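The values are calculated or read from the model by the stated rules, or taken from the named source; none is laboratory data. Everything numeric here is computed off the predicted structure, so don't read it as measured data. Quick reminder, even Gly has a Cβ in these numbers, built from the backbone with ideal geometry, and neighbours come from all protein chains shown. Keep in mind that these areas ignore ligands, DNA and RNA; they rest on the heavy atoms of the full protein, side chains included. Shrake-Rupley method; radii C 1.70, N 1.55, O 1.52, S 1.80 Å.
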Amino acid sequence: GSLAQHKGVDRLLPLLARLNRGDDPFRLTVVGDGGRRADLERRAEREGVRDAVAFTGWLDNADLPDIFAAHDIFVYPGRWDEPFGRVFLEALAAGTPVVASDVGSVADIVGPGGVTTDGSVDGFADAIRGLVEGGRLAELSAAAKATVDRYRAEAVVPQFLELYERARN
């Protein structure tokens with residue numbers, strides 16, 4: 001995706017710096033491109049986390065499942081009221097728990113496959129540390145895979161048909 005302000009990408013590097021003050025170093029992969037990338041790379045240097053962050057640039061959609069599956073957590077620090085982001089389903093389908101800002105319908109989409117925060121760097125750091133130190137990643141990974149089943153065509157299409165039928169009558 002695009003590295004846009006409304007997606008909260010500016011929160012990622014301070015979050016990584018905060019997380020890496022502890023004993024266990026965290027790593028971050030930033031997928032996407034756009035006008036903010038050069039600023040993010042400079043900021044990674046200033047925050048002292050350049051060696052802990054990888055910037056992939058734009059990736060083809062076919063490559064994303066492997067990216068999600070290779071990571072322990074998908075972090076979405078968005079600022080805008082996300083109506084329905086496909087990216088959450090992609091992470092959940094890979095069994096990657098989501099930690100996201102509580103905006104729009106994110107909490108409903110993610111369900112037990114992740115947690116939402118107030119969107120602050122502190123809120124994200126607390127949520128991520130809680131999952132890692134509490135040993136909850138495996139539990140959330142299993143819940144992520146189960147949660148995505150609610151959105152499969154065989155589950156959703158009958159609901160739409162019923163809705164259209166009610167509207168018609």
Only one of L92, L64, L13, L59 is hydrophobic (A, V, I, L, M, F, W, C), in contact (Cβ under 8 Å) with a residue 40 or more places away in the chain and closer than 25 Å to K145 by Cβ; which? L92
Counting only residues in the range 60-81 that are within 22 Å of D10 (Cα to Cα) and among the charged types (D, E, K, R), the one modelled with the highest pLDDT is identified as D72
Working only within the range 99-116, note down all residues that are surrounded by 22 or more Cβ atoms within 10 Å (Cβ to Cβ) and within 18 Å of D10 (Cα to Cα). V99, A100, S101
Taking L92, is it assigned to a helix (DSSP H, G or I), open to solvent by less than 30 Å² (accessible area, probe 1.4 Å) and touching a Ser or Thr at 6+ places or on another chain (Cβ under 9 Å)? yes
What single numbered condition from (1) outside any loop (DSSP other than H, G, I, E, B); (2) in contact (Cβ under 8 Å) with a residue 60 or more places away in the chain; (3) surrounded by 14 or more Cβ atoms within 10 Å (Cβ to Cβ) fails to hold for H6? (3)
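So, in the range 53-66, exactly how many residues are part of a helix (DSSP H, G or I) and touching a strand residue (DSSP E or B) at 6+ places or on another chain (Cβ under 6 Å)?
Going residue by residue through the range 53-66, those that are part of a helix (DSSP H, G or I) are 61-66.
Filter again for touching a strand residue (DSSP E or B) at 6+ places or on another chain (Cβ under 6 Å), leaving none.
Number of matching residues: 0.
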State which residue is modelled with the lowest pLDDT when the search covers only the range 14-52 and only residues that are on the phi < 0 side of the Ramachandran plot and assigned to a strand (DSSP E or B). D33
Report yes if F84 is among the aromatic types (F, W, Y), within 22 Å of S120 (Cα to Cα), modelled with pLDDT of 90 or more and not in a helix (DSSP H, G or I), otherwise no. no
